[in-house]
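These notes concern the structure reproduced below.
The values are calculated or read from the model by the stated rules, or taken from the named source; none is laboratory data. None of these values were measured; they are calculated from a predicted model. Using ideal geometry, Cβ is built from the backbone for each residue, glycine included, and neighbour counts are taken over all protein chains shown.
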Amino acid sequence: MPSRKLPTAAEAAEILTRRRTRPARRAPPPAGRSLAPLLKSLDARFGQGPAALQARWAEIVGADLARRTEPVRVSSPRGGAQGVLEIRVAGPSATLIQHRSAEILDRVNLFLGTGAAGRLRVVQGPLRGTGSSPPGQAPSRRRPPPLDAAVEAALAEAAEPARSERLKRALVSLGRSVHRNPPPGA
């Protein structure tokens, strides 16, 4: 077989500029472009649901009701009837919530759209979404984090002139609480 002469680097560059062996790769289209019509149709069909309500519950019903309640689900019955909004209520506030059910439904329908919720179902139980305890229950006791060793030493030194041991302990305890919860503007 006769040997073939290979092109030089300059000749190879010129050949490649004239003729491409593969088409240039294009980036894939954004996933949101193809998902947007599907999401719009699902939103129109099923609505926003309780996730949208939970995110803005305090704005919808007000701070007072938001402390006592949390939305659980919005169910829409078949046949085009109005949906049922199920909310969880902390403790004995159920009577107050039942009394204000028309106002709550009006506000929820204003947020989700007309006819999203026609009835209110109240379920008593502990609230999950808030870090604070429900009204009427004692807050959970957590041990506060320890103070810095230098602050502890300064508190012990400042309480040293006190005459009784009980007074020293009270002064140190007061100093710890002041350092943990400084007054506003300090």
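Please go through region 92-108 and pick out each residue that is out of contact with any helix residue (DSSP H, G or I) (no Cβ under 8 Å at 6 or more places or on another chain) and either at pLDDT below 85 or small (Gly, Ala, Ser) (or both).
Pro92, Ala94, Ser101, Ala102
Out of the residues in region 74-87 that are at pLDDT 85 or above and surrounded by fewer than 21 Cβ atoms within 10 Å (Cβ to Cβ), which is farthest from Asp106 (Cα to Cα)?
Glu86
Only one residue in Arg142, Arg166, Arg128 is within 30 Å of Asp64 (Cα to Cα), surrounded by fewer than 12 Cβ atoms within 10 Å (Cβ to Cβ) and at pLDDT 75 or above, so which one is that?
Sole residue among the options that is within 30 Å of Asp64 (Cα to Cα), surrounded by fewer than 12 Cβ atoms within 10 Å (Cβ to Cβ) and at pLDDT 75 or above: Arg128.
Just one of (1) of a type in the set (D, E, K, R); (2) in the same structural domain as Val74 (by TED's automatic domain parsing); (3) modelled with pLDDT under 80 trips up Arg20, so point out which.
(2)
Go through Ala51, Ala116 for me and flag whichever is crowded, with 17+ Cβ neighbours inside 10 Å, among the small types (Gly, Ala, Ser) and either modelled with pLDDT under 85 or in contact with a helix residue (DSSP H, G or I) (Cβ under 9 Å, 6 or more places away or on another chain) (or both).
So the residue among Ala51, Ala116 that is crowded, with 17+ Cβ neighbours inside 10 Å, among the small types (Gly, Ala, Ser) and either modelled with pLDDT under 85 or in contact with a helix residue (DSSP H, G or I) (Cβ under 9 Å, 6 or more places away or on another chain) (or both) is Ala116.
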